[in-house]
1. Could you please report the charge total around Ile159, scoring K, R as +1 and D, E as -1 over all other residues with beta-carbon less than 9 angstrom from its beta-carbon?
2. Grab the other residues whose beta carbon is less than 14 angstrom from that of Phe323, score K and R as +1, D and E as -1, and report the net.
3. Alpha carbon centre of the range 351-382 versus the range 184-224: separation in Å?
4. Around Thr62, under 9 Å between beta carbons, what's the net of Lys plus Arg minus Asp minus Glu among the other residues?
5. At 0.36 nm per residue, minus the direct Cα-Cα distance, what do Leu283 and Ser194 gain on full extension? Give it in nm, one decimal, please.
6. Given a Förster distance of 35 Å, report the FRET efficiency between Arg43 and Glu385 from their Cβ-Cβ distance, rounded to the nearest 0.05.
7. Treat the range 175-391 as a sphere of radius equal to its Kirkwood radius over Cα pairs and apply Stokes-Einstein at 25 °C in a medium of 0.890 mPa s; give the translational diffusion coefficient in µm²/s, rounded to a whole number.
8. Would you mind working out the magnitude of the charge dipole of the chain relative to its Cα centre, with +1 at each Lys and Arg C-beta and -1 at each Asp and Glu C-beta, to the nearest 20 Debye?
Amino acid sequence: MPEFYEPHLDFSVPEHQNVMGVILSLNDPVDGDILRWAVEEMRVRIPYFYVKAAYRGDDLVTVPNDLCMTVRNTWEPICLHSEVSNYHLAAWKYEGRRLAFEIHHALTDASGVLPYVKSTMFLYLSKATGQTFDPAGFRLPGDMIPESETGNPFSELDIGSVEAPLYKKKPIPDFFRLSDGVDSRKTVFYVKLSERQVMQYCREYDGSPNVLISVLLAKAARRWNPESEKTITVSVCIDHKAMLGIRPNYRMFVGEALLDFPKARDMKDIAKACTIARGQLMLQAQPENSLWEIKKMKQMLASPSPDIAQASICISYVNSKTFGPLDPYIEEQYIVTSLSKITDILCEISCFNHSFFLAFMQPYTSDRYFRCFLDALDLAGISYEISGSEPLRMCGI
């Protein structure tokens, strides 16, 4: 049986393919030949992403895949773990100035993927521009792969002695839903915010980026359906590794903190709403809570089903602000995830090159709730730029 910290590859169902991706917009059109070269060069430094699924007894595990990882000049999806992807669990794609890397989410999360994407872009832009960049902070071919990056991230923790945390928020079973008819075509909207303006707002209103966006999304939900008496719930993703100070490891250990916004909550007072939400978040985002969740993983306790709704809205915030010397060559960065039934609305937030980039994902095409969110930004005095929208076209498995 694989160790508890190894990927659980069977955590996918037809309705939830469990795939995540990073989208970059460059200044210039992507050169496919150079990108293919860079992707293949990175194999020796990040071998844990160049894998395929195989059975070891009754267990589905990852093994090295010697075939080339695919790099295709189209945004149309393919299936990972298939002949067209050379049986890889990851793939690259590009169109015009945009490129994206998509991977089975069971292997890693955004904090694990971004160092790989960043380093691949180092090789790509070095060759595409002819420039010499400072290699500090990149993971490049020829570097030694540290044990902290690939080994047991919790080897120095006494997980067996961990006790239940003092506070654990109880889920709300009958919460506010943001369904919009029978349209089932998943859609993503891309929004850009000023980092300076958002952080100034957070300082003035006792917030943080994920708290502020949670409050504004909840406010938009109440505007979308003011008649509902149900409590709006926002699931904020928690990186258990980061909470425990274990940052280099590529594996995914993500939990959640649950924020609630009952009908009686005064959403006009942004400062008060942010203070309450931040208090809820701080109570749950504690090392003792993360240790308890890791212990449950080690004991192989059941994870939430991707088919069961857990919250009205889900937010994930990746705190990675720069590609270093590559920043002048990259215009946008968005994180996207295949949308499951765990939540109605998913908002992936990343900060890059002095801007916040929001990928606003929903299971239907109507922009009615998205417009309510833009209204909430307007009322808060936060300027925004809509970069576009499109069907959520991601690889299947």
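1. Values: positive: Lys295, Lys298; negative: Asp158.
So the environment of Ile159 carries a net charge of +1.
2. Result for the neighbourhood of Phe323: -1.
3. Rounded to whole Å, the Cα centres lie 7 Å apart.
4. Numbers: positive: Lys52; negative: Glu6.
For residues surrounding Thr62, the net value is 0.
5. Values: separation 89, 0.36 × 89 = 32.04 nm, distance 2.86 nm.
Fully extending the segment from Leu283 to Ser194 adds 29.2 nm.
6. E(calc), rounded to 0.05, equals 0.45.
7. Reported coefficient: 136 µm²/s.
8. Values: 41 positive and 50 negative charges, 145 e Å.
In total the dipole reaches around 700 debye.
Every number here is computed from the coordinates shown, using simple stated rules; none is lab data. Worth saying up front: this structure is predicted, and the values here are computed from it rather than measured. Note that we place each Cβ from the backbone using ideal geometry, even for glycine, and neighbour counts take in every protein chain shown.
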